Ligand code: FES
Ligand code: CO
């Protein structure tokens, strides 16, 4: 099946993703008063902040009559359902039933579908099950010699893992990004490179790519790319030009559903003080729009994890190792364990 619309939970890709951190919003999108609805792996989640500003990611569901909590609001650090005004504290415990103000709320009135949430790099992260890997590192985030620019988010009607693999693929530049990152009539061969794997994920040796049209400044350059993959949906490259110039891209592709993803990008750059943010964004927007058309066209939508599927050459080494790694993570994950929500009832 090319696109089922709802992620097949038995698939190894889903298994590899359900217990990993994924970016679901920018931190400033969730205020102290307003919850926010997001989707992750086909699940509807509500993000909200408690009185201490701590972020929470819950199933977007009220146990009383099933309304979406994201339509409600946050009052006194508790989330209030839009339907009958029940309030829940950060632990999921119901603290208030306006129809029966004198009645104590029993401990059974408790929302149990709370997922994992964190805030870092100006982004909100969520994991459906207990995350198996730490939040990804982004070394340049704390380094003031790097300017940070948020690009996107870019919405693709394509698969998140396909889009990460596209980001890790250095041999498509002359074609998808023709006359920008390469010349389709004279494509440079891609030099051989190595892929290393350890507990932090995957990393390549330096890959030199001649860019005849140059970087943002239009100067022809040989750029040296080093790619890393920290999580199945978090990848990163450092692009070196000259001795000290670094252009880093920290990419997160949110698997909204099997064939829908949102790409969040942070660029960190330590040169080109005269380069405007608009110019950086203009180029990123163009590149990701070009990539979008390709990723949305790929069939099947889901990334094949069986290496026998699709054809490979040496330049695909990182993609091959990426597929193997996702498969390994999927095999390691527990069997699916998603019960339907249990109603939280007030019995007396
Ligand atoms: Fe949420 Fe009734 S459905 S309070
Ligand atoms: Co591309």
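Using just the helices of the chain, give the 222 nm mean residue ellipticity in deg cm²/dmol: DSSP H runs with n ≥ 4 each add -39,500 (n - 2.57), and the total is spread over all residues, rounded to 500.
Details: 5 runs with 56 residues, N = 348.
The helix contribution divided over the chain gives -5000 deg cm²/dmol.
Gap in Å between the Cα centre of segment 158-216 and the Cα centre of segment 27-101?
Centre-to-centre distance over Cα atoms comes out at 42 Å.
What does the highest-first list of 213-219, 160-166 look like by mean Cβ count within 10 Å?
Details: 213-219: 13.6, 160-166: 25.3.
For the peptides 213-219, 160-166, the packing ranking is 160-166, 213-219.
Any number yet on Rg/Rh for segment 240-299, C-alpha, Kirkwood?
Details: Rg = 14.3 Å, Rh = 13.5 Å.
Dividing the radius of gyration by the Kirkwood radius yields 1.06.
Relative contact order of the chain, please, whole-number percent, based on alpha carbon pairs below 8 angstrom and at least 6 residues apart.
On the way: 728 pairs, mean separation 75.8, N = 348.
This gives 22 percent for the chain.
Using only Cα atoms and rounding to the nearest 10 degrees, what angle (0 to 90) does helix 277-297 make with the longest principal axis of the chain?
Computed tilt is about 80 degrees.
Kindly provide log₁₀ I(q)/I(0) values, in the same order as q = 0.11 Å⁻¹, from the Debye equation applied to equal alpha-carbon scatterers of segment 1-81.
Those come out to -0.35, one per q.
Which number comes out as Rg/Rh for segment 179-278 once both Rg and the Kirkwood Rh are worked out on C-alpha atoms?
On the way: Rg = 15.2 Å, Rh = 15.3 Å.
Answer for segment 179-278: 1.00.
Note down the nm distance, to one decimal, between modelled labels 7 Å out along Cα→Cβ at residue 199 and at residue 286.
Placing both labels 7 Å beyond Cα along the Cβ direction yields 4.4 nm.
How big is D for the chain, in µm² s⁻¹ as a whole number, if Stokes-Einstein is applied with the Kirkwood radius of its Cα pairs at 10 °C and 1.306 mPa s? Can you show the working numbers first?
Values: Rh = 21.8 Å.
It diffuses with D of about 73 µm²/s by this estimate.
Could you give the Stokes-Einstein D for segment 53-165 in µm² per second, using the C-alpha Kirkwood radius, 25 °C, 0.890 mPa s? Before the final figure, lay out each step's value.
Numbers: Rh = 17.1 Å.
Taking Rh from Cα pairs, D becomes 143 µm²/s.
Could you state the angle between the C-alpha long axis of helix 317-332 and the longest principal axis of the C-alpha atoms of the chain, as a value from 0 to 90 degrees rounded to the nearest 10?
Helix 317-332 and the main axis of the chain meet at about 20 degrees.
Between residue 192 and residue 26, with labels modelled 7 Å along Cα→Cβ, what's the label distance in nm to one decimal, could you check?
4.4 nm
How big is the C-alpha Rg of segment 70-113 next to the rule-of-thumb value 2.2 N^0.38 Å, as a ratio? Working shown, then result.
Numbers: Rg = 9.8 Å, N = 44, 2.2 N^0.38 = 9.3 Å.
Normalised by 2.2 N^0.38 Å, the Cα Rg of segment 70-113 equals 1.06.
Read-outs throughout are calculated quantities, based only on the coordinates presented, and are distinct from any laboratory measurement. It should be emphasised that the depicted structure is a prediction, and the values quoted were computed from it without experimental measurement. Glycine gets a Cβ as well: all are built from the backbone with ideal geometry, and neighbour counts include every protein chain shown.
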